[in-house]
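The structure appears below as structure tokens.
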Amino acid sequence: MFTGLIREIAKIKSFEGSKLSVYSKHNAKLGDSIAINGACLTVVEVGSGYFSVELSPESKNILAIENYKDEVHIEPAMMMGDRFEGHIVQGHVDCLGEITDIKNNGNSTDFFVKLPKSYIKFVVPKGSITIDGVSLTVNDVYDDSFRLTIIPHTIKNTIFKKYKKGTLVNVETDMFARYVYHIFSKKNDKEISWDNVDKILASY
């Protein structure tokens, strides 16, 4: 389990076949789970100043592999007793999102991200979402996209500063949103909206 708070921006050492190696200050151990750009991967090799993880064909098919070339977000898995921040992140990437627009508002920047329609239903206004491993709050949700507002500190300390229109990113929707949607959609045996979920909850 992760929190979506980036602990380090690590540099790629190499990416050959299924093995991804990164230079990192983190003292990784064999078998550790580490989220790299939001994907939970297992450490299979440790060297001087670097560690390596292995990506399955499934991982390579679903991840935005083009973002594993220069710098990546690193977050080691939580340990029992760690302070909990961000939100609960599993490290299971649901799908790819596409950045369709970026608007600078002076003291913040809006990022608009398009998702496959089959996943937009799991995105909740004012809820949490993980983009390339970063825990963020959703401002608005549209038919097939959503809007994030990101402060300068976050942009400066993540690879968001490199994103542009057309950039693909790893997206993990909020675990609780998926669970709640699944429970209520089964109960009602039809597609539901988050407005309907609110009404159902209010009726109890």
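Here are the numbers:
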item	result
Under-5 Å amide H pairs with E45, H placed in peptide plane, nonlocal only	S52
Sites excluded, GluC sites (Glu not before Pro) in DSSP loops with at most 14 other C-beta within 10 Å, longest stretch of the chain	86-190
Acute angle (nearest 10 degrees) that the helix 175-188 long axis makes with the longest principal axis of the chain, alpha-carbon atoms	30
Values of log10 I(q)/I(0), in the order q = 0.13, 0.15 Å⁻¹, for the chain under a Debye, Cα-only, solvent-free model	-0.73, -0.95
For the range 104-130 versus the range 1-44, the gap between their alpha-carbon centres in whole angstrom	25
Greater than 24 Å apart at Cα, pairs in K114/K162; K29/K162; K117/K162	K29/K162; K117/K162
Residues with amide H under 5 Å from that of A35, placed H, sequence gap 5 or more	L41, E75, A77
Efficiency of FRET from Cβ geometry, I183 and E66, R₀ 45 Å, rounded to 0.05	0.80
Alpha-carbon spread of the range 8-76, three principal axes, descending order, Å	29, 22, 20
Spin-label pair T137/M1, simplified geometry with 7 Å Cα→Cβ offset, distance in nm	2.2
Listed residues P76, V171, T158: farthest to the positive end of the dipole of the chain (Cβ charges)	T158
Mean ellipticity per residue at 222 nm, deg cm²/dmol - from DSSP H runs of n ≥ 4 across the chain, formula -39500 (n - 2.57)	-5000 deg cm²/dmol
Cα-only radius of gyration and Dmax that characterise the range 95-188, units Å	13.4, 45
Contour excess over end-to-end distance, with Cα ends at N27 and S56 and 0.36 nm allotted per residue	8.1 nm
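FYI, it's all coordinate maths here, none of it is from the lab. Model, not experiment: these values are computed from the prediction. Counting neighbours? That spans all protein chains shown, and the Cβs are built from the backbone with ideal geometry, glycine included.
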